[in-house]
1. Does region 188-204 include one or more residues that are buried (at least 17 other Cβ atoms within 10 Å of the Cβ), in a loop (DSSP other than H, G, I, E, B) and among the hydrophobic types (A, V, I, L, M, F, W, C)?
2. Can you tell me which of THR125, THR165, THR213, THR139 is surrounded by fewer than 20 Cβ atoms within 10 Å (Cβ to Cβ), among the hydroxyl-bearing types (Ser, Thr, Tyr), touching a residue at least 12 places away in the same chain (Cβ under 8 Å) and not in a loop (DSSP other than H, G, I, E, B)?
3. If only one of ARG248, ARG261 is outside the structural domain of PRO33 (by TED's automatic domain parsing), basic (Lys, Arg), under 17 Å from LEU293 (Cβ atoms) and in contact with a Leu (Cβ under 9 Å, 6 or more places away or on another chain), which one is it?
4. Mind listing whichever residues of region 78-94 are under 30 Å from GLU206 (Cα atoms) and either in a strand (DSSP E or B) or small (Gly, Ala, Ser) (or both)?
5. Picking from ALA240, ALA234, ALA282, which residue would you name as being among the small types (Gly, Ala, Ser), farther than 30 Å from PRO8 by Cβ, modelled with pLDDT of 90 or more and not assigned by TED's automatic domain parsing to the domain that holds HIS48?
6. Taking PRO150, is it within 26 Å of VAL287 (Cα to Cα) and in contact with a Pro (Cβ under 8 Å, 6 or more places away or on another chain)?
7. Would you check which residues across region 78-122 are without any contact (Cβ under 8 Å) to a residue 60 or more places away in the chain, more than 18 Å from the chain's Cα centre (by Cα) and over 23 Å from VAL143 (Cα atoms) and list them?
8. Given (1) aliphatic (A, V, I, L, M); (2) surrounded by 15 or more Cβ atoms within 10 Å (Cβ to Cβ); (3) out of contact with any helix residue (DSSP H, G or I) (no Cβ under 8 Å at 6 or more places or on another chain); (4) not in a strand (DSSP E or B), where does ALA97 come up short, assuming only one miss?
Amino acid sequence: MRTEPLPPRHIEGFAQVAEQLADRIGSVVLGKPEVVRLALTALFAQGHVLLEDVPGVGKTTLARALAASIQGQWRRIQFTPDLLPSDVSGVTIFNQASRGFEFHPGPVFANIVIADEINRASPKTQSALLEVMEERRVTVDGVPHPVPQPFLVVATQNPVEMDGTYRLPEAQLDRFLVKLSVGYPSEEVEIEVLRGAAMRSPDTLEPITDTATVGEMVRMAMHVHIADPLYGYAVRLAAATRNHPQVRVGVSPRGVIALTRAACAFALIHGRGYVLPEDLKALIEPVFAHRVLLSADAQLRGVTAAEVLDDAIRSVPVPLPDGQRVPAGA
């Protein structure tokens, strides 16, 4: 439900804090400003981030820098094949002194949870995150336990082709708002990393803001204006993936909700209290790509989800403020 527009001073203040966070994180994650802004978009949209890339490109550094820039609780879970679900969510233990059972919370009870190499754990352990990522609570022995707010899971994973990895199930992938790839740095950035490798560490970062401010920014993002034609545009983009001949399973309604929520935060980061079609276009790949399942024939021919999403953008007309539409592909 939308309320009155956000005051300009609030929008400006939001953008300033977001810019400070991006600069602080960018001081240790060099040459990746767009990846940093997309991670912040997920934070303010109450989403979660999945970082997939080869080892050694800065996935964990990005996650730690994001956590260090916000004054709050953060925990890191190193996922391994022998990790148990109770090692993530917590366990109920009988207390001899009180003659009763007590819940001992696991590392998931924090504002920012870094799930490092999540796809090295078994599917059973991976599923321990399903409930908390969606409902922000953990149920142990039938008793729900809410986690601190705001709550963000930043998971890293190696490509599924690498040894010792388990593919994340589709239900788990759908819980992540965005899936990002850090990628290799440019030559200039890699030289800069070598020059200051010992000094550029997330442990040296001072917090820019606290969890109370982040919580207020999350609430502000819920009041960003989206024109009705843009809701229809987001739905038609998802429908284009469902009807694509090379797609086995298209984007779910949860994916459409994720796109609009991310667009609201993305607009505020760029100093606007309203969403533009360009915001949806910029976010469609990080929000939709991991939700698209290609057909077997498409996979054999090397078709990628990014190519399917490019087709969707070209095939769906862009709405104009007066209700007209820009022709598809324009």
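1. Among the residues of region 188-204, not one is buried (at least 17 other Cβ atoms within 10 Å of the Cβ), in a loop (DSSP other than H, G, I, E, B) and among the hydrophobic types (A, V, I, L, M, F, W, C), which makes the answer no.
2. After applying the criteria, what remains is THR213.
3. Just one listed residue meets the conditions, ARG248.
4. Those that are under 30 Å from GLU206 (Cα atoms) and either in a strand (DSSP E or B) or small (Gly, Ala, Ser) (or both): GLN78, SER89, GLY90.
5. Within the list ALA240, ALA234, ALA282, the selection yields ALA240.
6. No.
7. Hits for region 78-122 are GLN78, PHE79, THR80, ASP82, ARG120, ALA121, SER122.
8. (2)
The values are calculated or read from the model by the stated rules, or taken from the named source; none is laboratory data. Computed from a prediction, not measured in an experiment: that's the story for all the values here. When we count neighbours, we look across all protein chains shown, and the Cβ atoms used for this are built from the backbone with ideal geometry, even at glycine.
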